[in-house]
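These notes are about the structure you will find just below.
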Amino acid sequence: MNGTQLLSRRYAQAFMHVYGKDIIESVFEKIRELVSFLLTHRKALFFLQLPHIPSDKKITILTELLVEQFKLPGSFEPLIKQLVDHKRSFLIAKILHQIAQLYMKEHNIEAFIFTSSHELTKAQLEEMKRYLADRLGKDIIYEYKIDKTLIAGIRLLSDTHIWEYSIAQQLHRVSLPLLA
Amino acid sequence: MLITASVVAFIFRIINFGALVGLTIFLAKKYLMPTLNNAMYEHESAIEQIEQHTQDLQSHAQQLDEQFKKQEHLTNELIRKIHAWKSQFEAQKVKREQLHQELIESAHKKIATQQQMIKQMYVQNKVLPIAIDHAQKTLEQQFSSEDTGVNYIADVILGMKRAEK
């Protein structure tokens with residue numbers, strides 16, 4: 001864990017300590033959506049690193065984004081103010097990610113990315129979710145992606161686990177000792 | 001008178017004889033004795049010299065004998081050393097030949113290993129990537145049809161379902 005991650009983790013821990021009860025499942029879902037949005041639109045928060053933009057403007061924009069747009073509870077407003085005051089508002093995406101991580105840890109949830117070479121049905125996705133829940137003894141949440149480089153098969157990936165059964169992986173497994 | 005004359009004559013004859021003998025002895029002592037003494041001395045010294053020479057010769061002969069024995073011993077020693085050196089040389093020669101042979105064998109093995117490695121590297125760097133790429137393309141083609149890929153995934157999920165039970 002690098003310095004920024006550690007700092008974000010501490011802000012997230014402080015937030016959860018004070019406002020942890022406000023984070024319910026729906027809020028958690030909103031946080032994940034927001035984190036996903038911020039990760040895909042990194043330039044959206046670029047203005048936070050510009051010193052000539054006044055603090056109250058930064059607070060207003062962040063509040064607008066978090067509370068108005070993504071419907072997060074008002075308990076996020078003190079966090080936004082605190083971050084802007086500390087000139088660390090650019091950490092907001094990482095802090096939200098850490099809050100989601102802490103929530104998942106607290107509620108025994110593990111987030112996976114399900115990847116398949118061909119499109120899966122809802123039933124198949126749920127079957128994979130059940131399989132993981134059964135194996136790990138945790139609640140599973142997932143995002144779903146299609147990746148043709150798998151050739152054929154599936155990959156279930158989280159921060160701590162990977163389960164893959166694909167032709168690409170088998171080909172890689174066969175070719176690796178030959179090329180070593 | 002006659003008797004007296006004859007006695008005197010006899011006495012004189014005896015004195016004369018004595019004088020003659022004394023003169024002879026005197027002359028012999030004076031002239032002959034030194035010569036004889038000299039000759040005797042020379043003879044004695046010659047005998048001594050000869051004896052000395054004989055002793056010297058004997059001593060020399062003894063020395064020569066000793067030297068001969070010593071030389072014989074040295075020769076024997078040298079012959080023994082030559083034999084030992086020869087056998088050592090032979091042993092070393094055999095050893096050197098063995099070593100030479102081993103070196104040749106080692107060089108051959110090394111060359112064979114290097115050739116093997118070059119072949120392996122060629123296979124690894126050229127042939128295998130092409131083969132893997134070809135395999136990948138073939139598999140992609142094989143699973144490109146929707147049915148094959150979907151069926152494969154369905155089988156995997158079925159496996160998961162069975163494992164769950």
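Residues that are exposed (fewer than 11 other Cβ atoms within 10 Å of the Cβ) and within 14 Å of chain A (Cβ to nearest Cβ) occur in the range B:147-162; there is at least one. Step by step: first the residues of the range A:164-180, then only those that are small (Gly, Ala, Ser) and not in a loop (DSSP other than H, G, I, E, B), then the one that is nearest to the other protein chains (Cβ to nearest Cβ). Which residue is that? Restricting to residues being small (Gly, Ala, Ser) and not in a loop (DSSP other than H, G, I, E, B), the top hit is A:SER175. Taken over the range A:124-163, residues that are under 20 Å from B:THR148 (Cβ atoms) and surrounded by fewer than 16 Cβ atoms within 10 Å (Cβ to Cβ) amount to 4. The helices (runs of 4 or more DSSP H) located wholly in the range A:1-73 include none with 2 or more residues which are in contact with a Pro (Cβ under 7 Å, 6 or more places away or on another chain) and closer than 17 Å to A:ARG88 by Cβ.
Tell me, yes or no, whether the range A:95-107 has at least one residue that is among the hydroxyl-bearing types (Ser, Thr, Tyr) and surrounded by 18 or more Cβ atoms within 10 Å (Cβ to Cβ). For the range A:95-107, residues among the hydroxyl-bearing types (Ser, Thr, Tyr) and surrounded by 18 or more Cβ atoms within 10 Å (Cβ to Cβ): present.
In summary, B:SER144 fulfils each of the numbered conditions (1) in a helix (DSSP H, G or I); (2) facing chain A (nearest Cβ under 10 Å) with the single exception of condition (1).
Since every read-out is calculated from the coordinates, none of them should be taken as a lab result. Bear in mind that the values here come from a model prediction, so they are computed numbers and not experimental data. Reconstructed Cβ throughout: ideal geometry from the backbone, glycine too, with neighbour counts over all protein chains shown.
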